[in-house]
Amino acid sequence: MPQIHRQQFGLFHVTSKTENNVPWCTRDGIPDVLINNLFETKAIYKAGVHAFCILPNHLHLIITTGPRGLSRFMQSFKSNSAKDIKVLLPVWASRFRWQAGFYDEWIGDERRQSAAIAYVQGNGVKHGLAKEIADWPWSSLHYLDQMDPLELW
């Protein structure tokens with residue numbers, strides 16, 4: 001059943017999962033592909049990337065959509081990252097698939113914005129993958145120079 005994302009513009013917390021929860025997102029080389037695709041999609045879609053966290057079977061993003069909207073951004077990111085991963089690891093290509101659709105939460109106020117950023121940045125610890133937030137390598141905390149600043153409300 002297709003998901004309907006009625007709100008297409010603004011600031012969002014987005015979660016995208018792997019198909020069947022197969023933990024491929026943190027395999028060697030794949031986080032780099034995902035991060036590169038995230039920033040390429042940001043540039044093409046004139047969007048903002050404010051935070052991310054890549055976990056074995058899903059990822060979290062805090063993004064501001066560009067003029068083409070949330071669904072187009074996510075479709076492009078997921079499609080292009082899947083293609084690049086298949087080139088990188090063709091033997092395992094059939095296992096590296098995204099679950100159809102994605103989950104989003106529109107962030108409409110400063111309190112929700114702060115909570116969403118903290119949640120995304122702390123996800124490596126939440127899932128027991130790191131003891132400290134800064135220890136998880138696939139978090140936007142290690143890419144601060146490439147993050148877009150958020151407006152203060």
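The numbers here are math on the coordinates, done by the rules we state, and not lab data. What you are looking at is a predicted structure, and each value in this text was computed from that prediction instead of being measured. Cβ: placed from backbone, ideal geometry, glycine included. Neighbour counts: every protein chain shown.
For L144 and Q8, the difference between the fully extended length at 0.36 nm per residue and the C-alpha to C-alpha distance is 46.4 nm.
Note on K131 and Q75: the extension gain reaches 16.9 nm, defined as 0.36 nm multiplied by sequence separation minus the Cα-Cα distance.
In plain terms, the residue of V125, V33 with the fewest other Cβ atoms within 10 Å comes first and the most crowded comes last, giving V125, V33. As a test of the formula, what do you get for the chain when each DSSP H run with n ≥ 4 contributes -39,500 (n - 2.57) and the sum is divided by the residue count, at 222 nm and rounded to the nearest 500 deg cm²/dmol? Result for the chain: -10500 deg cm²/dmol, rounded to the nearest 500.
Its Cα centre serving as origin, the chain has a Cβ charge dipole (Lys and Arg +1, Asp and Glu -1) of approximately 560 debye. The overall shape of region 64-145, judged from the alpha-carbon gyration tensor, is oblate: a/c is not under 1.5, and a/b is no greater than b/c.
Projected label points at N21 and A82, each 7 Å from Cα along the beta carbon direction, are separated by 2.1 nanometres. Peptide packing for 134-142, 24-32, 59-67 was compared via the average number of neighbouring C-beta atoms within 10 Å per residue; ordered from the highest value, the list is 59-67, 134-142, 24-32. A DSSP coil position with no more than 11 other Cβ atoms inside 10 Å describes the following GluC sites (Glu not before Pro) in region 77-153: E132, E151.
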